Amino acid sequence: MSDERAQRYSFIPGPVAFTVSGGQGVYLHTSTGRQILDAAGGAIVANIGHGRPEMVEVCANSVKGMGYVAPLWPTENRLRLLDRILDRWLPSVFTRCFFVSGGSESIDTAMRIARQYQVAKGRTQRCRIAGRSTSYHGATIATLSVANHDRRRRPFGPMLSDHPKIDPLSADQALKDLEAADPATIAAVILEPVIGSSGAGLISEPDYWPKIRKFCTEHDILLIADEVMTAYGRTGSLMGTDDLGVVPDLIAGGKGLGGGYAAIGAVVAQQFVVDPIAAAGDNIMFFTFSGLEASVAIADKVLQILEDEELVERSRTMGEKLRARLETEFRQHPNVADIRGRGLMQGLELVKDRESGTTFNGRLAPLIIREALNRDCWIYPCGSAGVPDGLLFGPAFVVSESEIDQMVSIVAASLDAAVFNLDGEQ
Ligand SMILES: Cc1ncc(COP(=O)(O)O)c(C=O)c1O
């Protein structure tokens with residue numbers, strides 16, 4: 001493919017690194033014959049690996065004899081996926097499942113369900129969703145509003161609605177923040193089990209989720225888990241919330257549900273959440289492409305592969321190996337402030353100087369990405385006000401130990417090269 005043609009792909013004109021022509025396992029292949037080690041599963045999405053031959057038949061069969069079916073009606077493919085999610089992947093208190101086409105739609109739907117729940121119970125003043133001061137929940141105006149990824153929010157400030165922000169790490173501070181925001185105005189609290197793109201794998205203190213859970217129950221505020229990055233095995237458990245000692249009221253997922261082969265997400269809810277909405281004669285608005293035949297058939301196959309090949313367990317064991325390798329490489333590194341995460345979602349928080357805590361203010365992560373791509377490795381950049389520079393490792397669960405070794409070595413070399421360049425600028 002000509003370089004000129006590829007450059008047109010970037011909507012806002014800018015360099016395009018390469019054109020991808022295929023993939024296998026944890027590698028992406030480019031049209032010029034490079035093999036890019038995908039240390040981030042794209043955007044922490046690919047879990048069963050690239051280029052799985054089984055997906056071809058599933059895709060073809062899903063559209064055989066079937067066109068578009070409005071999301072109003074069940075189909076065999078929709079029911080099979082719904083049964084699998086509710087019966088095998090979630091605690092039994094989750095009885096309802098609503099399909100969408102991705103993570104932002106999934107969060108937006110969960111927000112609307114929370115609002116409809118409160119309105120159905122006569123609490124029309126409850127129109128705010130409390131999010132954390134370090135968080136990302138999606139790219140739409142509503143999901144940007146409840147999150148606090150400052151760089152991604154910046155141009156849209158006046159368009160965003162006002163939702164309370166709570167401390168991301170300390171439960172006691174978060175509870176104070178919620179009290180100060182007036183619980184009587186709050187419909188739901190939304191939290192990521194492991195904070196992804198804004199926090200590079202940040203995990204709150206152990207009592208955080210249990211204390212917020214208790215507060216929500218006492219005030220009949222719904223607890224939404226944003227599991228767009230963490231669900232379906234990424235953290236080494238079926239769901240990221242399985243490790244937290246609490247059960248949320250709604251879980252919003254996306255990314256790994258389709259494994260990168262389908263644009264799909266799902267919101268699951270406990271029965272008590274939907275009962276008042278049903279009693280009020282209300283319904284949940286769907287998106288036109290919610291539960292598209294190919295999407296649900298592919299997602300069902302992705303989950304089946306994760307089950308048959310015991311890949312969630314593998315995410316846990318390979319995650320431990322990745323973590324051990326990161327500890328060896330970076331624990332004493334002057335530019336690494338922290339190593340954290342769960343399963344195959346492991347992050348590095350990067351600084352200018354570990355002793356003083358000074359940072360490169362968002363300039364380091366993008367430079368590392370460039371250096372790593374020059375060395376044929378893709379790693380996910382993170383960063384917002386709370387954590388200005390970070391990286392996330394999130395390879396497919398089929399990753400091998402030698403591939404882990406290779407990706408960590410490349411990132412280490414890229415970090416040093418990037419810091420050298422930034423130091424030279426000063
Ligand atoms: C935690 C979290 N929530 C929501 C989203 C939005 O998902 P999508 O990009 O599929 O709309 C993302 C995407 O990165 C995410 O990491």
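The values are calculated or read from the model by the stated rules, or taken from the named source; none is laboratory data. Predicted model, so just to flag it, every value in this text is computed and none were measured. Quick reminder, even Gly has a Cβ in these numbers, built from the backbone with ideal geometry, and neighbours come from all protein chains shown. What goes into the accessible areas is simple: the full protein's heavy atoms, side chains included, and nothing from ligands, DNA or RNA. Shrake-Rupley method; radii C 1.70, N 1.55, O 1.52, S 1.80 Å.
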Q | Sole residue being within 24 Å of residue 266 (Cα to Cα), hydrophobic (A, V, I, L, M, F, W, C) and in contact (Cβ under 8 Å) with a residue 12 or more places away in the chain, chosen from 6, 43 | A | 43
Q: Evaluate the range 209-220: report whether one residue or more is within 16 Å of the ligand (Cβ to nearest atom) and touching a residue at least 40 places away in the same chain (Cβ under 8 Å).
A: no
Q: Could you please give the count of residues in the range 222-243 that are within 15 Å of the ligand (Cβ to nearest atom), assigned to a loop (DSSP other than H, G, I, E, B) and under 16 Å from residue 201 (Cβ atoms)?
A: 7
(Q) Among the residues in the range 258-267, are any open to solvent by less than 40 Å² (accessible area, probe 1.4 Å) and under 20 Å from residue 323 (Cα atoms)? (A) no
Q | residue 210 modelled with pLDDT of 95 or more and in a helix (DSSP H, G or I) | A | yes
Q.
For the structure I just gave you, tell me whether residue 139 is within 16 Å of the ligand (Cβ to nearest atom) and either of a type in the set (Val, Ile, Thr) or assigned by TED's automatic domain parsing to the domain that holds residue 233 (or both).
A. yes
(Q) Given the criteria part of a loop (DSSP other than H, G, I, E, B) and either of a type in the set (Ser, Thr, Tyr) or assigned by TED's automatic domain parsing to the domain that holds residue 314 (or both), does residue 36 qualify? (A) no
Q. Which residue pairs have Cβ atoms closer than 9 Å, lie 6 or more positions apart in sequence or on different chains, and pair a first residue in the range 280-293 that is part of a helix (DSSP H, G or I) with a second residue that is of a type in the set (A, V, I, L, M) and surrounded by fewer than 16 Cβ atoms within 10 Å (Cβ to Cβ)?
A. 293/63; 293/66; 293/69
Q. Residue 304: surrounded by fewer than 20 Cβ atoms within 10 Å (Cβ to Cβ) and either farther than 30 Å from residue 178 by Cβ or within 13 Å of the ligand (Cβ to nearest atom) (or both), yes or no?
A. yes
Q | Those residues of the range 247-257 which are more than 14 Å from the ligand (Cβ to nearest atom) and open to solvent by 10 Å² or more (accessible area, probe 1.4 Å), in sequence order | A | 247
Q | Residues within the range 54-86 that are among the acidic types (Asp, Glu) and under 20 Å from residue 288 (Cα atoms), tallied | A | 1
Q.
Yes or no: the range 44-52 includes at least one residue that is more than 16 Å from the ligand (Cβ to nearest atom), in a loop (DSSP other than H, G, I, E, B) and closer than 18 Å to residue 373 by Cα.
A. no
Q. Would you say residue 244 is open to solvent by less than 10 Å² (accessible area, probe 1.4 Å) and touching a helix residue (DSSP H, G or I) at 6+ places or on another chain (Cβ under 7 Å)?
A. no
Q: Please give the number of the condition residue 49 fails out of (1) within 27 Å of residue 231 (Cα to Cα); (2) open to solvent by 10 Å² or more (accessible area, probe 1.4 Å).
A: (2)
Q. For the range 187-208, what are the residues that are in contact with a helix residue (DSSP H, G or I) (Cβ under 7 Å, 6 or more places away or on another chain), of a type outside the set (Phe, Trp, Tyr) and more than 16 Å from the ligand (Cβ to nearest atom)?
A. 187, 205, 207
Q: Kindly check whether there is at least one residue in the range 391-399 that is more than 17 Å from the chain's Cα centre (by Cα) and open to solvent by 50 Å² or more (accessible area, probe 1.4 Å).
A: no
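Here is a yes/no grid of residues against (1) at pLDDT 95 or above; (2) within 30 Å of residue 380 (Cβ to Cβ); (3) open to solvent by 60 Å² or more (accessible area, probe 1.4 Å):
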residue	(1), (2), (3)
125	yes, no, yes
144	yes, yes, no
161	yes, yes, yes
173	yes, yes, yes
186	yes, no, no
191	yes, yes, no
196	yes, yes, no
Q. Looking at the range 165-175, is at least one residue farther than 13 Å from residue 212 by Cβ, of a type outside the set (Lys, Arg), within 16 Å of the ligand (Cβ to nearest atom) and touching a Leu at 6+ places or on another chain (Cβ under 9 Å)?
A. no
Q.
Suppose the filter is within 16 Å of the ligand (Cβ to nearest atom) and not assigned by TED's automatic domain parsing to the domain that holds residue 375; does residue 94 pass it?
A. no
Q: Mind listing whichever residues of the range 103-117 are more than 16 Å from the ligand (Cβ to nearest atom) and surrounded by fewer than 21 Cβ atoms within 10 Å (Cβ to Cβ)?
A: 115, 116
Q: Can you give me the number of residues within the range 119-156 that are among the small types (Gly, Ala, Ser) and free of Cβ contacts under 8 Å to residues at least 12 places away in the same chain?
A: 1
